[in-house]
Structure formats: structure tokens, C-alpha cells
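To keep things clear, I will list the structure first and then write my remarks on it.
Read-outs: derived from the displayed coordinates by stated rules, not from any lab. Note that this is a predicted model, so its numbers are computed, not measured. Here the Cβ positions follow ideal geometry from the backbone for every residue, glycine too, while neighbour counts run over all protein chains shown.
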Amino acid sequence: MRIGILQTGLAPEALAPEMGDYPDMFARLLDGHGFTFRTWRVVEEEFPASVHDADGWLITGSRHGVYEDHPWIPPLEQFIRDAFAARVPVVGICFGHQIVAQAMGGKVERHAGGWAVGATEYDFGGETLRLNAWHRDQVVKVPEGARVIATNDFCTNAALIYDDRALTVQAHPEFRPEFVDGLMRTRGKGLVPDEVMAEAAARLSLPIQDRTMAGRIAAFFKEPRA
């Protein structure tokens with residue numbers, strides 16, 4: 001099964017040589033599930049010719065906000081709507097979670113409560129998964145037809161399912177603890193409050209359930225569709 005990665009952001013230059021860029025992280029996360037990958041850098045206005053250029057689509061995280069004025073955001077929203085219409089499955093992670101919601105009529109805002117950083121627990125219908133986070137924007141209005149499947153006290157709409165069309169997650173299952181540590185060193189200072197980063201640093205050694213989330217993503221992509 002071919003997964004098209006729609007890359008909406010770039011990993012920090014200081015970290016990429018050692019830890020890879022975002023598509024590399026997703027290839028590692030989903031290794032062993034039988035997927036092949038091709039990346040389109042939509043952040044640089046590189047788009048697939050058709051939603052049928054891959055069997056499923058994965059939208060990455062980004063340092064940009066979905067509500068910002070960038071020339072690649074409106075065509076990405078239309079691409080998402082076209083994929084929905086064609087029933088080509090879409091998975092969105094962080095920015096991807098938010099842009100799918102916005103494209104389908106939801107609303108995203110900067111959270112007044114600030115940042116979520118590092119190992120964070122989410123309630124997936126009674127199952128607790130700890131995943132790494134890095135965000136201050138949130139989906140505040142769930143689109144019609146979407147259902148909340150994960151939540152916590154900080155982020156109410158932490159994961160959404162749109163029948164068999166899209167699965168989106170606010171957290172970053174592709175982020176390893178060492179990458180979160182690197183983000184705090186390269187992007188966090190002056191942006192994320194020191195106390196938030198200190199608390200996240202203290203949680204770096206906690207185990208995360210990234211493989212469990214990878215299994216859920218893989219199962220969603222492979223789900224039989226008419």
C-alpha cells in the first residue's frame with residue numbers, strides 16, 4: 001500500500017541530519033506494516049496531481065498555524081475535501097489534525113491555556129495512551145460528521161474519526177523523546193514557557209505508546225473500503 005506524505009513543515013536544520021525530517025519519522029513509525037512512501041512538500045507548494053496518486057494520505061505537523069495566510073493552505077484544504085469525496089483515506093497529525101478539521105468546517109484556535117509539550121496522556125475511549133505532544137493550537141469546533149475518539153483535560157478534541165475517511169490525532173506519535181528534547185533546545189526557548197519545558201524535560205524518560213498508535217494508524221489505512 002502506497003502512502004503519500006503531505007509535508008507541511010520542516011524539521012529544524014540542526015536536528016534533521018541526525019534524526020531525519022518528518023517523512024523519515026513517519027516511515028520509521030510505520031515500519032513493518034507493509035507500506036511504501038512518497039513525499040510531496042506541500043509547504044513548498046508541491047502537490048500531487050490527483051488524490052489517486054497514493055492509496056492513502058498522511059498530513060504531517062508544521063510550525064505554521066492552519067489559520068495563517070499561506071498560499072499552499074487553501075489548495076491543501078481542497079485536496080482534503082477531494083480525498084474525502086473519493087474515499088481515499090487521510091491521516092492527519094498535529095497540524096494535519098487541525099487542517100482536516102478546518103477543511104471540513106471545523107475551527108482551530110490558539111489555546112488560551114498555552115502549550116502541550118512532551119509525554120502526554122490521552123484517553124482513547126477508556127484506554128490511556130501516552131504520546132509526545134508539541135502544540136498550542138487546538139481544534140475547538142468539531143466538524144459535522146466527525147467523532148471525538150481521544151481527549152484529556154488540556155485538549156478536549158485530541159483525536160477525531162471521520163467514518164472511514166480520516167483519522168486525525170493532535171499528538172505526535174512520530175516524535176521520539178530525543179527529538180522533543182531537540183525541539184526544546186532549538187525552537188522552544190523564547191517560545192514555550194520555561195516551566196512547561198522543565199516539566200516536559202522531567203518526563204522525557206517516560207515510556208510512550210507510539211507503537212500502539214502506529215498500529216491504529218496502519219489498521220485505519222488498511223480498513224476495507226467500497
Item to check | For Cys155, Cys94, order by how many other beta-carbon atoms lie within 10 Å, fewest first | outcome: Cys155, Cys94
Checklist outcome for this item: Taking only the alpha-carbon atoms of segment 1-42, the convex hull volume per residue, in cubic angstrom, is 62
Next on the checklist: Report the gain in length on full extension from Arg187 to Glu77: 0.36 nm times residue separation, minus Cα-Cα distance, nm rounded to one decimal.
Outcome noted: 36.9 nm
Checklist entry - Which of Gln98, Gln209, Gln170 moves the most in a Gaussian network model of the chain with Cα springs under 10 Å? => result Gln209
Checklist entry - Which one of Glu174, Glu195, Glu46 has the biggest mean-square fluctuation once the chain is modelled by GNM with Cα springs under 10 Å? => result Glu195
Checklist entry - Excluding same-chain residues fewer than 8 positions from Lys107, which lysines have a Cα within less than 19 Å of its Cα? => result Lys141
Checklist entry - Separation of segment 179-226 and segment 126-176 by C-alpha centroid, Å? => result 12
Item to check | For Thr8, Thr128, order by how many other beta-carbon atoms lie within 10 Å, fewest first | outcome: Thr128, Thr8
Item to check | Principal axis dimensions, largest first and in whole angstrom, of segment 156-226 by Cα | outcome: 49, 21, 20
Checklist entry - What is the distance, in nm, between label points placed 7 Å from the Cα along the Cα-to-Cβ direction at Glu44 and at Leu206? => result 3.7
Checklist entry - Between Glu68 and Lys141, what is the label-to-label distance in nm when each label sits 7 Å out along the Cα-to-Cβ direction? => result 2.3
Checklist entry - Under the classification rounded if a/c is under 1.5, otherwise prolate if a/b is larger than b/c and oblate if not, where does segment 107-167 fall, given a ≥ b ≥ c as square roots of the Cα gyration tensor eigenvalues? => result oblate
Checklist entry - Most exposed first by the Cβ proxy, i.e. fewest other Cβ within 10 Å, how do His172, His135 rank? => result His135, His172
